[in-house]
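Here the structure is laid out as structure tokens; the discussion comes afterwards.
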There are 2 protein chains.
Amino acid sequence: MRRHRDQVRMSTPDPTDVHPAWLPDEAWRAIGVRRILVCGEATLVDTVQAEVERATDRYGGAVWRSPTDADLPPADLVLALTGAPPPDSPPAPEPGPPETSGTLAATAVATAKAQLDTATAQVGESLGVEGFAVARHGGVTVVLADAPAGLLYGLFELVRLGEAGFGPTHPVRVHRPAMARRMLDHWDNVDVHPVMGQVERGYAGGSIFWRDGRPRGDRARVTAYARLLAACGINAVSVNNVNVHATEARLLTERLDDVAELADLLRPYAIRVHLAVTFAAPVVLGGPPTADPLDPAVRDWWAETTARVYARIPDFGGYLVKADSEGQPGPFSYGRDHADGANLLAEALAPYGGVVHWRAFVYNHRQDWRDRSTDRARAAYDHFAPLDGRFRDNVIVQVKHGPMDFQTREPVSPVIAAMPCTRLAVEFQVTQEYTGQQRHVCYLAPWWSEILRFAPWGDDGRTVADVAADGGGLVAVSNVGDDRFWTGHPLAQANLYAFGRLCWNPRLGPQAVLDEWIDLTFAPDTRVDPDLLRRTLHEIMDDSWRTYERYTAPLGVGFMVRPGHHYGPDVDGYEYTPWGTYHFADRDGVGVDRTRATGTGFTGQYPPPWSERYESVETCPDELLLFFHHVPYGHLLHSGSTVIQHIYDTHFEGVREVEAMCRRWEWLARLVDPAVHARVTERLTEQLRSAQEWRDQVNAYFHRKSGIPDAHGRMLH
Amino acid sequence: MRRHRDQVRMSTPDPTDVHPAWLPDEAWRAIGVRRILVCGEATLVDTVQAEVERATDRYGGAVWRSPTDADLPPADLVLALTGAPPPDSPPAPEPGPPETSGTLAATAVATAKAQLDTATAQVGESLGVEGFAVARHGGVTVVLADAPAGLLYGLFELVRLGEAGFGPTHPVRVHRPAMARRMLDHWDNVDVHPVMGQVERGYAGGSIFWRDGRPRGDRARVTAYARLLAACGINAVSVNNVNVHATEARLLTERLDDVAELADLLRPYAIRVHLAVTFAAPVVLGGPPTADPLDPAVRDWWAETTARVYARIPDFGGYLVKADSEGQPGPFSYGRDHADGANLLAEALAPYGGVVHWRAFVYNHRQDWRDRSTDRARAAYDHFAPLDGRFRDNVIVQVKHGPMDFQTREPVSPVIAAMPCTRLAVEFQVTQEYTGQQRHVCYLAPWWSEILRFAPWGDDGRTVADVAADGGGLVAVSNVGDDRFWTGHPLAQANLYAFGRLCWNPRLGPQAVLDEWIDLTFAPDTRVDPDLLRRTLHEIMDDSWRTYERYTAPLGVGFMVRPGHHYGPDVDGYEYTPWGTYHFADRDGVGVDRTRATGTGFTGQYPPPWSERYESVETCPDELLLFFHHVPYGHLLHSGSTVIQHIYDTHFEGVREVEAMCRRWEWLARLVDPAVHARVTERLTEQLRSAQEWRDQVNAYFHRKSGIPDAHGRMLH
């Protein structure tokens, strides 16, 4: 126990090396001055104790630990499990608190006791394995949980509340996560990939887990990461890239110890480890010479291999598989389908409570651009919808939020509404592959929030968030690397934080989440104007995703990026490639006809009302017009502008907004850590250059093609 | 001497491993059956002896060696130096020939002696250090040379002649190279470069010189390469990439032994080694902290360094420098110009007879595509023409043949006509960076021949070949790698061979050179129809460059390739980049206005008549129209076609021609080595696919932009 607590205590990285993100010491001040009682017996309760001790060590409070609330010492903050302690082996009580204990008034003890009893009574229903309740009365704040993880989350809720957690009396507030599984996928390679590097689509340096073929070995960094994730609610991490190369394949077998080491570091923060595996694992790891999911020898191999995984990592989360996609092996090689493939692994995991995340990102990446009948947007639905009902209970079909690939703007994937009898997880991309690669400010929570609130069956129906909550939860590709700011761009930390928070509660407003993140991260210094900092960050970040959309690909058309690295503009870059990503711009118009009437029929994959709204150019939302329709440049948008003038206007406007961001960030020069300020300034300089490049290329491209001048006479090149 | 001859004899690679290119054993048959006398004393004469001995070993002839022609044994082939032997240390005569000597008729001895005397008398003027004379009379063939290298070249001329060298009597024919220096630049890296690989723009596997940071160590391969080069006339090789990275920089100093080892292998074939050096060498190799060419310490460093080079490699050729170009360091950093930079190195090399090849490939590779006044085509002239007369005698300014960068079609560089007081070398690219990357058949000699015959001052004036011959000769980037066929595509061997032959004699017709190459390489088997082989190869290769031009970028516009790797089409790939490579296509027209009247003024860099011919859209040759002019799609070419219809027609035609190539190659299935046939078949399959892709992308691009349908109603996508 002491070793565990020491590990936790030592996990804050040296501030000169690694930025504390949303857990700076200052965020713990309100807790650190309290007299705290921690009640309960579990590893995660040890974590809670260690966390509050670190705070009190710094700010002068005190901590008691008791396995139960039976013998309540004086406290003004109580964190307690509601359940009875395990009947066996109650550990010896730890030594009482030091001299400070004598200063506590006897009334406080009685108040706390009463408050705890009242709160417990009020909660009534079960809090679940991760829920908690917070209440305050008579000067005592109480956090209650039925299970240890809930207590940990309750502690981090208190951190978020800060002084507000210790103000006027308030009745019991219950918090339960909307999603049972809140997961991050790391696209980290163990070996440095010759093209993709250490982290595929990583924009924040190397991996915090791996380096040059071996574990990176920085245990403090991984623990610090686990704290950050727990503090925003993440409870599952897949530790290697979904494109599983030779070395990475062996994590499942001979290099399982490397995975177990990460599991040991993440476990104290209630995070389970998942592993991306190759479907060809039996073949490439010395098992049977086939990976055919219906072959008994293959089933045996997976059963035995999985048994060894759980023997080593009893709380292992499960497997993540990208199969028959972009060159990865899969069941198609054996004439089987995705259900056969996913169920094979699910069967092996079922005895241990593990799950398979099976990605629905399947399409033909060797499409002939000349063939306008094939539509990549259709692919996931065409592959997976017919399989609904055939997946085992512990299969989670992981669906990218849009039908293409994490563009700045896409419609919601129709797969999300197409598989009522399947557990679906919705996948986001926190790493900014197509949204500025952490060189551009692009706060993504407004985009995710739109998606989560989208109602595929119409305004009265369930939302995307509901589907995920009832199914496999949310998953996102991590944006973290060994960069000192974790995410390259310091403001990109907000995306990671917001993803976790939206998993917990998808109804949170993006601006409210940003407020939380600002308060925690910048722990506003009272010497300066806290409102200026908060207001300026909102001005820079709130609308930054829409700003990015304005100066990049217009009206939902997508994929006007440089092939390969996906940074910067190249309007025709993907136009004649096998990737299925086209805009079909010609001298008369632009856009992809995906209607049933005259196009690829993709609109028919949606239930009403969207199947109708998207089908008609009259009712299709402006921002998705070119995703669903090929229209003339003179087509009038609902906004009142023509398509071509909209392109010009938004591109000029987007750059002006970036210029404003730069000016506003200047104002904060003395309000934030100089290192943060310098890094953001450097990135903003590049963002402005890049935004101008986008503006000028996109405008020049469409001007040369359409021949239509800007209505305001601006330079178009 | 024995060791040297053994080395030569052992240098033919195992035929199952490495293709013999244009020196198969069969090519030596006519020589191998002779009774041969080799007269003269020099390392290169040893090479001649070893070569003919290898042939006679195989085909039953015999060889005598004598330091002079004084004591003439019976022979029907005499290879002799005209000059007196060195006065000192005449080596002991080697043992006489074996039993075969007795069978020679006494008359033959007398005839040979008389023939030799006559030939010597007829030659009259000096043959020079590399020239030779061939004569045949009375059944004796005589090759004479003033200097050893000439004898070696005379021997390879005899190989070319084959039986024709031993037919009817003919008078003396004198051969002298047009160019004194006939050079290949290897863009081989010592280390594997993370982006460019072992050989930059190499399409034939790894380097024959280097592997993974060390010498490759295959001495037999390098010797076999030297033979091939000598057989086509190359006499200088630069052994490392002009982009000099960290490891490669050290070849000049601590790793000089690696260079000396290559020099030792190339020397027996009269090939001098050159080295690409970084202008920053003093700084990066531990010399003075500056590379300022006017700093005395820098001059001293280069003098001392160069002295060490010559102490180790007495016949070292000199330095090759890419300075202030595409990120390479140069004199600009110190406020000096290219003459200052080149003269610095020239001064260090002068005492030893070495030369500096200083590349004129200098331009702004960070150009703003929005700025239409900057013209990359102007850059070399603008940088170098003003420096004419300022370079030392042993500086060779190395000018790419065109003003851009080895495109399929460019005008001749105006620099070639702009520096009368400077020694210029003209640079070609044998490696097919922009001409199909040795996956496409593209016989380049017709293109080079056009360039060499081009007369910048008008039809009565000197040609490009004349300028090079009077100056620094010709240089080309090698297309060779450790591939078993040397060049990836077996038919690409013809480009290397033809480059050497055009260096020797730029007036040779490309088809005649191809005939030589076919006869040597395929040594037509008399059992089958030799005419079919020859005719078919001509049908495939003669026009293959123009075929390639037809299905790729039209009318001289260039650079419609995928950025980075430069393979395959991407019409807008370079359009909005910093590389200065634009076509300015819009809905109305295409092309770059480089006129003085309304464009960048590039036409003014030419002397009359070309300054006028290129200036006018009326007189500009069709094939360069879009290089010099921006014209409407409906513009009528001299050919009678419009620009847009020309684009469509040539692209359809080019693909049809590739289809014909494929059919023709099929006919040769049983006439050539099965391994060669299989490799070429594989490449043709890819060429056809790629040509179709070019056709469809280019046609679709211009159709979408212009809106003009094909006059013949073909599918344009």
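Filtering the range A:345-368 to residues that are assigned to a helix (DSSP H, G or I) and in contact with a Phe, Trp or Tyr (Cβ under 6 Å, 6 or more places away or on another chain) leaves A:LEU345, A:ALA348, A:TYR352.
The condition of being in contact with a Ser or Thr (Cβ under 8 Å, 6 or more places away or on another chain) and open to solvent by 10 Å² or more (accessible area, probe 1.4 Å) holds for only one of A:ARG216, A:ARG211, A:ARG173, A:ARG160, that being A:ARG216. Number of residues in the range B:323-344 that are touching a Lys or Arg at 6+ places or on another chain (Cβ under 9 Å), closer than 24 Å to B:LEU256 by Cβ and either open to solvent by 10 Å² or more (accessible area, probe 1.4 Å) or in a helix (DSSP H, G or I) (or both): the value is 4. For the structure I just gave you, tell me whether B:PHE384 is open to solvent by less than 20 Å² (accessible area, probe 1.4 Å), within 30 Å of B:GLY654 (Cα to Cα), hydrophobic (A, V, I, L, M, F, W, C) and not in a loop (DSSP other than H, G, I, E, B). No, not satisfied. When A:ALA425, A:ALA476, A:ALA445, A:ALA469 are screened for being more than 28 Å from A:GLN198 (Cα to Cα) and of a type outside the set (S, T, N, Q), only A:ALA469 passes. Tell me, yes or no, whether the range B:401-414 has at least one residue that is of a type in the set (Val, Ile, Thr), modelled with pLDDT of 95 or more and not in a loop (DSSP other than H, G, I, E, B). No: the range B:401-414 contains no residue that is of a type in the set (Val, Ile, Thr), modelled with pLDDT of 95 or more and not in a loop (DSSP other than H, G, I, E, B). Of A:GLU686, A:GLU618, A:GLU682, all but one fail to be away from every other protein chain (no Cβ under 14 Å) and either part of a loop (DSSP other than H, G, I, E, B) or at positive phi (or both); the exception is A:GLU618.
In the range B:366-387 there is at least one residue matching the filter, namely being within 30 Å of A:HIS717 (Cα to Cα), free of Cβ contacts under 8 Å to residues at least 60 places away in the same chain and in contact with a Pro (Cβ under 7 Å, 6 or more places away or on another chain). For the range B:438-462, a residue qualifies if it is in a loop (DSSP other than H, G, I, E, B) and without any contact (Cβ under 8 Å) to a residue 24 or more places away in the chain, and the qualifying residues are B:ALA455, B:ASP459, B:ASP460, B:GLY461, B:ARG462. Select from the range B:597-613 the residues that are β-branched (Val, Ile, Thr) and open to solvent by less than 30 Å² (accessible area, probe 1.4 Å) and write down the one among them that is farthest from the other protein chains (Cβ to nearest Cβ). Selected residue: B:THR603. Checking each residue of the range B:360-370 against the condition of being buried (at least 16 other Cβ atoms within 10 Å of the Cβ) and charged (D, E, K, R) gives no match. Sub-9 Å Cβ pairs linking a first residue in the range B:202-213 that is closer than 16 Å to B:GLN438 by Cα to a second residue that is in a loop (DSSP other than H, G, I, E, B) and among the basic types (Lys, Arg), at least 6 apart or interchain, are B:TYR203/B:ARG439; B:GLY205/B:ARG484; B:GLY206/B:ARG216; B:SER207/B:ARG216, ordered by first then second residue.
Can you say whether A:THR118 is hydroxyl-bearing (Ser, Thr, Tyr), surrounded by fewer than 19 Cβ atoms within 10 Å (Cβ to Cβ), assigned by TED's automatic domain parsing to the domain that holds A:VAL63 and not in a loop (DSSP other than H, G, I, E, B), as far as the supplied structure shows?
Values: hydroxyl-bearing (Ser, Thr, Tyr): yes; surrounded by fewer than 19 Cβ atoms within 10 Å (Cβ to Cβ): yes; assigned by TED's automatic domain parsing to the domain that holds A:VAL63: yes; not in a loop (DSSP other than H, G, I, E, B): yes.
Answer is yes for this residue.
For the range A:628-651, indicate whether the set of residues that are within 29 Å of the chain's Cα centre (by Cα), closer than 24 Å to A:ASP382 by Cβ and open to solvent by less than 50 Å² (accessible area, probe 1.4 Å) is non-empty. Yes: the range A:628-651 contains one or more residues that are within 29 Å of the chain's Cα centre (by Cα), closer than 24 Å to A:ASP382 by Cβ and open to solvent by less than 50 Å² (accessible area, probe 1.4 Å).
Step by step: first the residues of the range B:689-700, then only those that are among the hydrophobic types (A, V, I, L, M, F, W, C) and within 14 Å of chain A (Cβ to nearest Cβ), then the one that is surrounded by the most Cβ atoms within 10 Å (Cβ to Cβ). Which residue is that?
Here is the first cut: in the range B:689-700, the ones among the hydrophobic types (A, V, I, L, M, F, W, C) are B:691, B:694, B:698, B:700.
In the following step, the residues that additionally are within 14 Å of chain A (Cβ to nearest Cβ) were identified as B:694, B:698, B:700.
On the way: B:TRP694: 25, B:VAL698: 23, B:ALA700: 20.
Among those that are among the hydrophobic types (A, V, I, L, M, F, W, C) and within 14 Å of chain A (Cβ to nearest Cβ), it is B:TRP694.
One line per residue, one yes/no per condition, for (1) open to solvent by less than 10 Å² (accessible area, probe 1.4 Å); (2) among the β-branched types (Val, Ile, Thr):
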position: A:GLY353; (1), (2): no, no
position: A:ARG390; (1), (2): no, no
position: A:VAL395; (1), (2): yes, yes
position: A:PRO411; (1), (2): yes, no
position: A:ALA417; (1), (2): no, no
position: A:THR422; (1), (2): no, yes
position: A:PRO446; (1), (2): no, no
position: A:PRO456; (1), (2): yes, no
position: A:ARG462; (1), (2): no, no
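B:PHE584 meets all of the listed conditions (1) within 14 Å of another protein chain (Cβ to nearest Cβ); (2) within 32 Å of the chain's Cα centre (by Cα); (3) of a type in the set (A, V, I, L, M, F, W, C) but one, namely (2). If we scan the range B:588-596, do we find a residue that is surrounded by fewer than 19 Cβ atoms within 10 Å (Cβ to Cβ) and within 11 Å of chain A (Cβ to nearest Cβ)? Looking through the range B:588-596, at least one residue is surrounded by fewer than 19 Cβ atoms within 10 Å (Cβ to Cβ) and within 11 Å of chain A (Cβ to nearest Cβ).
Against the numbered list (1) within 14 Å of another protein chain (Cβ to nearest Cβ); (2) open to solvent by less than 10 Å² (accessible area, probe 1.4 Å); (3) at pLDDT below 95, A:MET715 comes up short only at (2). Against the test of being under 26 Å from A:GLU427 (Cβ atoms), touching a residue at least 24 places away in the same chain (Cβ under 8 Å) and surrounded by fewer than 16 Cβ atoms within 10 Å (Cβ to Cβ), the options A:ALA263, A:ALA246 yield a single qualifying residue, A:ALA246.
Residues that are touching a residue at least 12 places away in the same chain (Cβ under 8 Å), surrounded by fewer than 22 Cβ atoms within 10 Å (Cβ to Cβ) and more than 7 Å from chain A (Cβ to nearest Cβ) within the range B:701-711 comprise B:HIS703, B:ILE708, B:ASP710, B:ALA711, listed in sequence order.
Here's the yes/no breakdown for (1) under 31 Å from the mean Cα position of the chain (by Cα); (2) at pLDDT below 95; (3) in a strand (DSSP E or B):
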{"position": "A:VAL259", "(1), (2), (3)": "yes, no, no"}
{"position": "A:LEU275", "(1), (2), (3)": "yes, no, yes"}
{"position": "A:PHE279", "(1), (2), (3)": "yes, no, no"}
{"position": "A:GLY287", "(1), (2), (3)": "no, no, no"}
{"position": "A:VAL298", "(1), (2), (3)": "no, no, no"}
{"position": "A:TRP302", "(1), (2), (3)": "yes, no, no"}
{"position": "A:THR306", "(1), (2), (3)": "yes, no, no"}
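B:ARG372 satisfies every condition listed in (1) touching a Lys or Arg at 6+ places or on another chain (Cβ under 8 Å); (2) of a type outside the set (A, V, I, L, M, F, W, C); (3) in a loop (DSSP other than H, G, I, E, B) except (1).
The values are calculated or read from the model by the stated rules, or taken from the named source; none is laboratory data. Note that the structure is predicted; figures quoted are calculated from it, not measured. We place every Cβ from the backbone using ideal geometry, glycine too, and count neighbours over all the protein chains shown. The protein model used for the area step is the full one, side chains on, heavy atoms only, and it has no ligands, DNA or RNA in it. Shrake-Rupley method; radii C 1.70, N 1.55, O 1.52, S 1.80 Å.
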